[in-house]
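Some notes on the structure that comes next.
The values are calculated or read from the model by the stated rules, or taken from the named source; none is laboratory data. Quantities reported herein were computed from a predicted structural model and do not represent experimental measurements. Cβ atoms come from the backbone with ideal geometry, glycine included; neighbour counts cover every protein chain shown. All accessible areas refer to the heavy atoms of the entire protein, side chains included, with ligands and DNA or RNA removed. Shrake-Rupley method; radii C 1.70, N 1.55, O 1.52, S 1.80 Å.
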Amino acid sequence: MDQYDVTLPQLPDFDFSRFETEWNKLRSNIPELWKFNRDGREFQVGERMKARGLSAEYPVVLIPGVISTGLESWSTTPEYRPFFREKLWGGLNMLSQVTFNRDRWIAAMMLDPVTGLDPPDAKIRAAEGIDAASSFIQGYWIWSKIVENLAVVNYDTNNLYLAPYDWRLSYWNLEERDGYFSKLKTTIEGFKRRQKKKTVVAAHSMGATVCPSSFRANNVIPTFNQYPLKWVESPEHGGGGPDWVENHIEAYISIAGTHMAKAMAAFLSGEMKDTVQMNPAGSYGKSSVAYCLVVLERFFSRAERRKLFLSWAGSASMWIKACFISPGGDTIWGNSTFAPDDPSEDSNVLDANDVRGRRSGHTHGELISFRRIPASVPIPEEGETETRLMEEDNGVGVKNMTSEMAGDWILEHTPSSFQKMMATNYSFGIERNEDALNRNDRDHTKWTNPLEVKLPNAPSMKMFCVYGHGKETERSYWYTRGDFEHDESAADGISPLCIDPDTGSNQTSPCAGSTPRNPLDMPLLRKSWIDADYTDETVNPKVCIIVRNGVKMGEGDGTVSLISLGAMCVEGWKRRRWNPAGINVTVVELSHRPVPSMPRGGANTSDHVDILGSTTLNEIIVKVATGAGNEIEEAFVSNIRTYAQRIQWD
């Protein structure tokens, strides 16, 4: 500074002699869950590949999953200025804002329910760069393990790009507001011009839905899975043309992709498995998704959480597919007596007419079930310790529901603004007609649903589905019901209606028309929530469906069910109607074998988020990126092939 004549003001004298000692003392007292989770294997996969002579071959684009990208405040109004450019999602600052500035935080994070964009005076944007999703919170890595191993084989910011996005937005608004898919297309085309190489795209969780859609508009990549790909191909959008994906994408890796569903309960009651089963300390060591949801559970009521979820249109892309259209949901997800992934003593003989080995009255085909309750039972009020008595309504208008019935029921009990958003952004049917599939290439509402769009015309592109198996996963739910209340949606009844008040605004959508408020102003909607008091583990778990805290557990990676993870990969995309170019899809299932003493499970975990640190997954990504993807072989540890064959695809 003296050399360049830079003068600093005189600072007070401080004694830093004990700084290192005190810092080490502080770190030694940090609880194990909050340490940096360095276990000595950060660069080992990359070092082994480098020792073989492998080096960076193709540029790599990483697409994060839902809630993985940090979100920053860019609001300049006086009430938001104290946290300008600070993260409101991700990082320790999020926790402090939720704790000490609760109302302002929720006002900033909630999107406008009508436009799906920023509310007045609030502006939140996705963080930028590789750090945007390398770690969610200090010590909780997300993509950093993969970045570290790629760096060993000569990747850096010149050939490695992490594509963060505001996961709250619908995919349409993601492009309209942020130009996300345009930027992604430009980045990939820039790699091709500079390096003369196609790009490898690796997308995690919901990112596996965002990606394909972006390529659709001119064959970029199905839902990040297909939405980006379709967007790029479409002449009305990206303008890349039908051969864009073939010319620009070397390989697409879906990591724990939510191809056909995640969870529905959040839209109905603001809950998920993590919020009814975990405490914050335990969930932090398991999943950043779980941790965030438990934070929301502690600070916000069910109604407030539900309102947040309903304003985040991006998460609605994970609504269960193949519902609403019969025979749609029932053929994919099962009916009142059978589901393709129901367990049995002999998984090779189970079919729709075979109920041997299945627990009486329980099937995953019933997505939402209700327990019969005594005429008068004590029901605890949320946030209170006292109980009240609730008289049973004898189940009038309510019964156990398949996915098809539940999809309608949940949607009917959401505000008309949410219904309109769903109708104008997404589609959840199943399309078997090839002419209709061709037409769907021009319909952006179809691009997040792999059952309604084709894979790109890219016969030389390699596609890999990598996901975990062996961890209990929410598959369906037991619900209970409470008092009647006013709500923004229609009355609860046998045939409830919900229609937009503006009769001319959306005549063709499910919410065309008007639902006036009851003349007597009586509340007609019952509160509903997961029946956390119901647990049934009394039977042999190998042949039965376990119910824990109101959640019926199935197979999967702890967050996404096995059918959603693998059915399209092993069976659906083998059909020419959905894969006309004959793209080779390689499926690699990873067995969940965590080390109990390690909070994140160690090298052989396959948890939905922690799989990003799995040695096998890192090997797959590095091999594909360095041109050794031909070494990857299919591997199965579940019965997904049997389950997928039970689905009525044709």
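Of the GluC sites (Glu not before Pro) found in the range 112-204, those that fall in a DSSP loop while having at most 15 other beta-carbon atoms within 10 Å are E128. Determine the alpha carbon to alpha carbon distance for each of K420/K552; K454/K527; K87/K574; K50/K321; K196/K321 and list only those over 32 Å. In this structure, K454/K527; K87/K574; K50/K321; K196/K321 exceed 32 Å between Cα atoms. Put a dot 7 Å past the Cα of A303, heading toward its Cβ, do the same for K196, and the two dots end up 6.5 nm apart. Note on L92: accessible area is roughly 90 Å² with a 1.4 Å probe, heavy atoms of protein only.
Close amide H partners of L367, meaning residues 5 or more places away or on another chain with modelled amide H under 5 Å apart, are M401, T402, S403. Let me make sure I get this right: for the range 581-643, a, b and c are the square roots of the gyration tensor eigenvalues over alpha carbons, sorted descending. Under 1.5 in a/c it's rounded, otherwise prolate if a/b > b/c, else oblate. Which is it? Oblate, because a/c is 1.5 or more while a/b does not exceed b/c.
Count Lys and Arg as plus one, Asp and Glu as minus one, and take only other residues whose Cβ is under 12 Å from that of A127; the net charge is then -2. The trypsin sites (Lys or Arg not before Pro) of the range 532-611 that meet both conditions, a loop assignment by DSSP and at most 11 other Cβ atoms within 10 Å of the site Cβ, are K542, R576.
Per-residue 3J(HN,Hα) values for the range 125-130, derived from phi via the Karplus relation 6.51 cos²θ - 1.76 cosθ + 1.60 with θ = phi - 60°, read 9, 5, 5, 10, x, 4 Hz in sequence order (x marks Gly and Pro).
With R₀ fixed at 30 Å, the C-beta to C-beta distance from R52 to L92 puts the FRET efficiency at about 0.15. With a ≥ b ≥ c the root eigenvalues of the C-alpha gyration tensor of the range 529-650, is it rounded (a/c under 1.5), prolate (a/b larger than b/c) or oblate? It is oblate, given that a/c is not under 1.5 and a/b is not larger than b/c.
Along the axis of the charge dipole computed for the range 582-650 (Cβ charges of +1 for Lys and Arg, -1 for Asp and Glu, origin at the Cα centre), the listed residues I620, P599, N630 are led at the positive end by P599. Positive-end ranking of S134, G90, V152 along the dipole of the range 83-166, with charges on Cβ about the Cα centre, is headed by G90. Assuming a ≥ b ≥ c are the square roots of the Cα gyration tensor eigenvalues, decide whether the range 102-164 counts as rounded (a/c under 1.5), prolate (otherwise, with a/b larger than b/c) or oblate. Taking the square roots of the gyration eigenvalues as a ≥ b ≥ c, the range 102-164 is prolate.
Stretched out straight at 0.36 nm per residue, the stretch from A151 to D408 would grow longer than its current Cα-Cα span by 87.8 nm.
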